[in-house]
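Can you keep this structure in mind? I'll have questions shortly.
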Amino acid sequence: MKVLVTGGAGYIGTHTLVELIAAGHEVVVYDNFCNSSPKAIGRVEELVGQEVPVVRGDIRDRACLDRAFAEHSAEAVIHFAGLKAVGESYRQPLSYYDNNVTGTQRLLEAMEDAGVRTIVFSSSATVYGEDAPVPYVESMGRGRPSNPYGGTKAVVEQMIEDLVRADDRWSASLLRYFNPIGAHPSGRIGEDPQGVPNNLMPFLTQVAVGRLPELSIFGDDYLTRDGTCERDYLHVVDLALGHLKALEAKSAPGVAAFNLGTGKGTSVLEMVATFESVTGQQIPYCIAPRRAGDLPASWADASKARLELGWSAEKTLEDMMRDSWRWQSANPEGYGG
Ligand code: NAD
Ligand code: UFG
């Protein structure tokens, strides 16, 4: 199948390109590089041994989207493009709604006009909202968004559901990711956040590599096993493979949401201890106040994806730690090094 991959130069997009090409699919990347580097595409090309076509464009640019569909005759879209920093979304909500919601609307309109009606969308566990009990199950429906970024994901899910209901030629998978970490086992592609990382794993590896002095653990007084927050971390390669399963399952019309997680929560202190034991690196850390908006615990009920897509996360937390560290230690400055 020929797949247009919006946001294909980003963290999850690059890993998905590698798995798509390995499975025999053709790809074309559509990215404006606002949070990624063209070097990442070069690394993907090196891994897959072939050229990866790229359209440099914004998903809000309808004319550019139309040209991409006309020139590349894609049959499906995997839609990663969007802004994802929760903290920034509080400060710049309109920019988040513009990129994530208006951008997706433009993309869906261009798809409609090009007759491309299969989409796999990057959603997030955040759509379950702040009051949902763990584990999160798809049948719960969406809750009250805990931040503007989560609000954009919920609106886009709704928009896609409404579209599919109005026209049964569409087929859509809403993939609700839990916490993707890790990197390709080659160490050639991985997560390369701009500035100081917001997320735990890149922060931790940047402390280990000496770019940052110590990790602040945001709160140790939650009602969890050891007082620190628990999350469902999954390997980015497993996550990439989930997109293939969703794409290959989507010959039938309709819309369906799937949790992509392991079904297991790990605390921040357990993350630090596992990283230290796998890599032999010591992580200096301190206990800091809670971070606003953090939920005590979030993990998936991952049975729907297993039963309906035949997908489950295979890699262990140790694999995630080893691969994150291989990437960070070989590329201390990310793609900028
Ligand atoms: P990323 O920032 O590494 O990748 C996103 C890519 O989209 C980047 O290459 C960026 O340049 C591009 N992009 C952004 N806005 C664009 C626009 N308007 N037009 C064209 N390209 C644009 O992020 P990621 O971690 O790979 O996440 C991919 C998707 O998965 C995002 O939609 C994100 O919200 C979602 N998601 C990520 C996580 C996570 O923890 N990484 C969790 C849940 C959901
Ligand atoms: N944490 C620290 N110190 C840090 C960074 C994080 O202690 O420097 C802790 C957080 O408090 C949290 C855990 O590590 O308990 C994981 O934090 P991340 O920022 O890595 O991940 P989140 O679960 O907060 O965020 C993720 C996605 C968002 C999504 C959100 C809600 O990155 O896209 O889940 O579903 F919106």
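Here's a check for you: in segment 220-236, which residue that is open to solvent by less than 10 Å² (accessible area, probe 1.4 Å) and of a type in the set (Val, Ile, Thr) is farthest from Thr16 (Cα to Cα)?
Thr228
Looking only at segment 11-44, which residues are in contact (Cβ under 8 Å) with a residue 40 or more places away in the chain, among the β-branched types (Val, Ile, Thr) and away from ligand 2 (no atom under 16 Å from the Cβ)?
Thr14, Thr16, Val18, Val28, Val44, listed by residue number.
Shifting gears a bit: More than 26 Å from Val134 (Cβ to Cβ) and surrounded by fewer than 19 Cβ atoms within 10 Å (Cβ to Cβ): is that true of Gly187 in this structure?
yes
Taking Ser146 and the conditions (1) over 17 Å from Leu234 (Cα atoms); (2) polar (S, T, N, Q); (3) not in a loop (DSSP other than H, G, I, E, B), which numbered condition does it fall short on, given that it satisfies the others?
Among (1) over 17 Å from Leu234 (Cα atoms); (2) polar (S, T, N, Q); (3) not in a loop (DSSP other than H, G, I, E, B), the lone unmet condition for Ser146 is (3).
Can you tell me which condition Ala172 does not meet? The list is (1) in a loop (DSSP other than H, G, I, E, B); (2) in contact (Cβ under 8 Å) with a residue 60 or more places away in the chain, and all the others hold.
Only one criterion in (1) in a loop (DSSP other than H, G, I, E, B); (2) in contact (Cβ under 8 Å) with a residue 60 or more places away in the chain is unmet by Ala172, namely (1).
Moving on. Could you figure out which of (1) assigned to a helix (DSSP H, G or I); (2) without any contact (Cβ under 8 Å) to a residue 40 or more places away in the chain; (3) more than 13 Å from ligand 1 (Cβ to nearest atom); (4) hydrophobic (A, V, I, L, M, F, W, C) isn't true of Met159?
The single condition Met159 does not satisfy is (2).
For segment 142-168, enumerate the residues that are more than 19 Å from the chain's Cα centre (by Cα) and within 16 Å of ligand 2 (Cβ to nearest atom).
Gly143, Arg144
Could you check segment 1-29 and list, in sequence order, the residues that are near ligand 1 (Cβ under 7 Å from one of its atoms), assigned to a helix (DSSP H, G or I) and either β-branched (Val, Ile, Thr) or within 23 Å of Asp66 (Cβ to Cβ) (or both)?
Within segment 1-29, Ile12, Gly13 meet the criteria.
Something else about it: Can we say Tyr149 is under 17 Å from Phe178 (Cα atoms) and open to solvent by less than 10 Å² (accessible area, probe 1.4 Å)?
In short, no.
Considering only residues that are assigned to a helix (DSSP H, G or I), closer than 18 Å to Ile119 by Cα and not acidic (Asp, Glu), which ones fall in segment 30-71?
Arg62, Leu65, Ala68, Phe69, Ala70, listed by residue number.
The values are calculated or read from the model by the stated rules, or taken from the named source; none is laboratory data. Everything numeric in this text was worked out from a predicted model, so none of it was measured. So basically every Cβ, Gly included, is an ideal-geometry build from the backbone, and we count neighbours across all protein chains shown. The area values use the complete protein model at the heavy-atom level, side chains included, leaving out ligands, DNA and RNA. Shrake-Rupley method; radii C 1.70, N 1.55, O 1.52, S 1.80 Å.
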